[in-house]
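**Student:** My questions will all concern the structure given below.
The values are calculated or read from the model by the stated rules, or taken from the named source; none is laboratory data. Because the structure is predicted, anything quoted here is derived from the model rather than measured. Glycine gets a Cβ as well: all are built from the backbone with ideal geometry, and neighbour counts include every protein chain shown. What goes into the accessible areas is simple: the full protein's heavy atoms, side chains included, and nothing from ligands, DNA or RNA. Shrake-Rupley method; radii C 1.70, N 1.55, O 1.52, S 1.80 Å.
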Amino acid sequence: SELITAILIILLVLGAIVIVWTVVKGRITKSSEKITTECTTLSLEIVKYDGATLIVKRGAGEANLKKIRVISGEASKDITATDLEELGLKEIKGIEPPHTDNKIQIAGIIDVNGNEVVCPIADTYTIS
């Protein structure tokens, strides 16, 4: 009877491990879909900022760029950028200077299998 109890406990523990692994694996897979190598093929650079207008240059890279996220201090604004071709320039008007620091940052938002993925900060412009 002790042997049967030990076997049942082992089976219950194995069952619990399988259930927990199934949940964890599902979450890992879902999270890893959001991380993409396509962000590494996207190159964005702030060329100029004059207090209201930001000029962004796109480098070579095959990422499917949809938008550019402009971060000015605590505020951020997503700008449609489907018209920005490789090695092209985009003029973005109406960007307020930051109130909290002297930095403006940009990040690309790309399309991956119909989902928008926000890439890491691509460039930072320090206002002097």
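**Student:** Quickly run through segment 70-80 and pick out the residues that are crowded, with 19+ Cβ neighbours inside 10 Å and within 14 Å of the chain's Cα centre (by Cα).
**Tutor:** Val70
**Student:** Let me ask something additional. Would you call Ala81 among the aliphatic types (A, V, I, L, M), out of contact with any His (no Cβ under 9 Å at 6 or more places or on another chain) and at pLDDT 90 or above?
**Tutor:** Here the answer is yes, as Ala81 does meet what is asked.
**Student:** Restricting to strands (runs of 3 or more DSSP E) lying wholly in segment 31-128: which have 1 or more residues that are among the hydrophobic types (A, V, I, L, M, F, W, C) and touching a helix residue (DSSP H, G or I) at 6+ places or on another chain (Cβ under 6 Å)?
**Tutor:** Here the list reads 103-112, 115-126.
**Student:** Any chance segment 45-61 includes a residue that's under 16 Å from the mean Cα position of the chain (by Cα) and open to solvent by 70 Å² or more (accessible area, probe 1.4 Å)?
**Tutor:** no
**Student:** For segment 23-41, indicate whether the set of residues that are at pLDDT 90 or above, within 19 Å of the chain's Cα centre (by Cα) and crowded, with 16+ Cβ neighbours inside 10 Å is non-empty.
**Tutor:** No, that holds for no residue.
**Student:** Output the number of residues of segment 81-121 satisfying the condition of being within 20 Å of the chain's Cα centre (by Cα), among the small types (Gly, Ala, Ser) and open to solvent by less than 50 Å² (accessible area, probe 1.4 Å).
**Tutor:** The number of residues fulfilling the criteria is 3.
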